[in-house]
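The values are calculated or read from the model by the stated rules, or taken from the named source; none is laboratory data. Quantities reported herein were computed from a predicted structural model and do not represent experimental measurements. Note: ideal-geometry Cβ built from the backbone for every residue, glycine included; neighbour counts use all protein chains shown. Side chains are part of the model used for accessible areas, which takes the heavy atoms of the whole protein and leaves out ligands, DNA and RNA. Shrake-Rupley method; radii C 1.70, N 1.55, O 1.52, S 1.80 Å.
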Amino acid sequence: MIINIFSYICSQIQMTTIMMKRFFISLTMLLGTLTMQAQGWPSQYEGVMLQGFYWDSYTQSQWVKLEKQADELSQYFSLVWLPQSANCGGTSMGYDDKYWFPGHYNSSFGTEAELRSLINTFKSKGISTIADVVINHRKNMSNWVDFPRETYQGVVYQLQSTDICANDDGGKTKTWATQNGYSLSENNDTGEGWDGMRDLDHKSENVQTNVKAYLSMLLNDLGYAGFRYDMVKGYAGSYTKLYNEASQPEFSVGEYWDGSNSAVKNWISSTGMTSAAFDFPFRYTVRDAINNNNWQKLSSISLAREANFKRYSVTFVENHDTEKRSNDDQDPIRKDTLAANAFLLAMPGTPCVFFRHWIDCKRDIKAMINVRRAAGIHNESAVKNISSQTAYYAVCTTGTKGQLLAVVGRGFNNYTPDSTFVKVLSGYHYAYYLSKSTETAWADLTSGEYEGAQNVLLTAVSNSDAQLVYTTDGTQPTAASTKVASGTQITIEGDVTLTVGLLVGTTVSGIVTRTYTAAEPVDRRTITINVNTDKVGWTAVNFWTWGGDDSHAPSSKNWPGDKVTTTTTVAGMSWYSKQYTINGSADFVNFVFSTASGSPQTVDVNNISTDRYFQISEQKNGDGKHLVNDITSIVLTGIQSVDKGDKAAAWYTLDGRRLQSKPATRGLYVVNGRKVVVR
């Protein structure tokens, strides 16, 4: 009897133990699921993101062109945000999205095959790609309410007129639909409306089905790692939560365009913390500090400073939208690009570097990212205001390896840190200091291609009285290697792998490596662009320029660019002329010519790399922009000048139109098979 009771008790204990194990296993699985659902953005993430495009960067952001930069980009960026990659029915940045599924991925940036190759190459180099997801609205096919029918993996996906919000376009869409026999959704928009295209009703089960399939395809077929959700103010944050929980992206960031810190935080919370957000309060803080020449403003609050939200802060100082707009709300940063990026890359949150800044300031930005990594700064690092002055601002961020002290502003040299910090980098209106506790060697010149001899400043960041030892053949430095004191500048030239370490006693530690490659000599040449306006009567010409190696931006950064008011005479005609430097065989310049304050203007003139003579035509395209005739060959092959030409002969314009008599307007014409100019 006693044995039976004992056996019973043992069996109950065993059963209870099994039940407890099952409970804890279930609890662990549940917590794991909840954690996965609430990912939003990785905790203590040290990566830096690059926005791989700017507005109208159709040439620079071609998939094949970005893929060729994979080796270089992978040294500095863990994430690259790509422009919307599907076909929009014409040349487009992608925000008028038309198609969602494969079969329609030959976009303005390349083919579907090129896109897949780019994503796979980036992945092999350790770069994750972020897709630009536009689901607030969608472009129609032929009328206000029809959408494309797409078949993907045997399933047909198509949005219907009943997937359009009832109050789209302030009721205009409903009026049109009613008059033409269509019905809209019974639900109003759950966010802000936008009149550009049809606003989608995310309460609709069909919309949700289409969006979930689209997002799954981006991740599991094309190979994206995450999403940048466009215009998330246009629909409730709960739908971002719904879509993220269904698709499970590794990274999610929303464009909640608002300068209110509390508004952006509320949106993140509304997603169930399944998404990060672009830190617009941070961006406006930087813009206001720089454009108002008051660096104290950098102490203002932003997501990146808040303990519970810095993980979900994707910081930036400029993007494709803010740069191209010039009204009071989106006022672009007009100066101190380096200082802006120095502040960005010294702060917690996940920094997103703008493509133009990367192209224009690559050497400095590379070095800033190197310093950030040396300190081990991540998106949740602690940050502290050190000194806030009108002329400069100093901030200290603590990473896993050390502290980074950044001083930015026109008076940055007026601040001297205490003896626990060592300066490792400086430039126009910024300086970076690392805490001596970081215990690392430092070489200020970043890896890359360089023309001719280069100077490299070597610094010992250490609490010890350390020397520096280095090699230039890629071998690990030892106590027997070349020794120099901290602050020594050495010169390198050609192909060199520089390895530098701290030497304390006989021990070498804190090693850094830089790889330098001799760049091919650049074939630089000057070209002259000449513009004749006789046919349109303009008395000045504005040159708006972009493209190529991106060194051709007008000195007047705001539209309509650089104004030319004086003329030169060539072949008896007056020309407004401007010179540009072409840097190598792959470089070119794009133009838009205009007059007055930018209107009227011409069509785009693309891919110019040689001397040209352009004549503005009185003819216009469907958008009301003047066409441009390239008459270079006519000017350069010789033109006969006439003052009284043969009145009996037939006169023709250069595009073949016969005139009734000799023209009274100055310009180039054809008479009896000869090119002549009327003055």
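General remarks:
- Accessible surface of segment 441-586, 1.4 Å probe: 45 percent of it comes from carbon and sulfur atoms.
- Volume per residue for the chain equals 240 cubic angstrom (convex hull of Cα atoms).
- Max-minus-min Cα coordinates of segment 164-221 on each principal axis give 41, 24, 18 Å, with the largest extent listed first.
- Hull-based mean projected area of segment 492-583, where the convex hull spans the alpha carbons, in square nanometres: 10.6
- Under 15 Å from the Cα of Lys401 - aspartates and glutamates, other chains or at least 8 residues apart: Glu46, Glu380, Glu439
- Across segment 107-185, the fraction of Cα-Cα pairs farther apart than 14 Å, rounded to a whole number, is 73%.
- Solvent-accessible surface of protein heavy atoms, probed at 1.4 angstrom with all chains present, puts Val508, Val134 in the order Val508, Val134, largest first.
- For the listed residue pairs Lys297/Lys335; Lys535/Lys620; Lys241/Lys310; Lys68/Lys98; Lys65/Lys366; Lys65/Lys578, the alpha carbons are over 22 angstrom apart in Lys68/Lys98; Lys65/Lys578.
- Once the 1.4 Å probe is applied to the protein heavy atoms, the chain comes out at 43 Å² accessible per residue.
- Gyration tensor (Cα) of segment 443-490, equivalent ellipsoid semi-axes in angstrom: 21, 14, 9
- Its Cα gyration tensor gives segment 229-341 an equivalent ellipsoid. The semi-axes, each the square root of 5 times an eigenvalue, are 27, 15, 11 Å from largest down.
- Longest to shortest principal axis, alpha-carbon extents of segment 389-515, angstrom: 47, 36, 23
- Evaluated over segment 62-152, the Cα radius of gyration and Dmax, each in Å: 14.4, 47
- Residue ranges 570-576, 159-165, 402-408, 521-527 sort as 402-408, 159-165, 570-576, 521-527 when ordered by packing (mean number of other C-beta atoms within 10 Å per residue, highest first).
- Å³ per residue enclosed by the Cα convex hull of segment 280-429: 98
- Anisotropy class of segment 536-599 from Cα gyration tensor, a/c 1.5 cut: oblate
- Of the GluC sites (Glu not before Pro) found in segment 393-461, those in coil by DSSP whose Cβ has at most 16 other Cβ atoms within 10 Å are Glu451.
- Of the solvent-accessible surface of segment 217-354, computed with a 1.4 Å probe over protein heavy atoms with every protein chain present, carbon and sulfur atoms account for 39 percent.
- Share antiparallel - DSSP beta bridges, the chain, percent rounded to 5: 70
- Annotation: Cα Rg of segment 159-275 relative to the compact-globule expectation 2.2 N^0.38 Å equals 1.13.
- Within the full protein context, the accessible area of Asp623 is estimated at about 120 Å² for a probe radius of 1.4 Å.
- Gyration tensor analysis over the Cα atoms of segment 382-459 returns equivalent ellipsoid semi-axes of 24, 17, 10 Å (largest first, whole Å).
- Charge context of Val456, other residues only, Cβ under 12 angstrom, K/R +1, D/E -1: -1
- Projected area, mean over directions - segment 543-645, Cα convex hull, nm²: 8.0
- Residue-wise HN-Hα coupling along segment 602-610, computed from phi with Karplus coefficients 6.51, -1.76, 1.60 (Hz; x: Gly, Pro): 9, 5, 5, 10, 10, 6, 9, 9, 9
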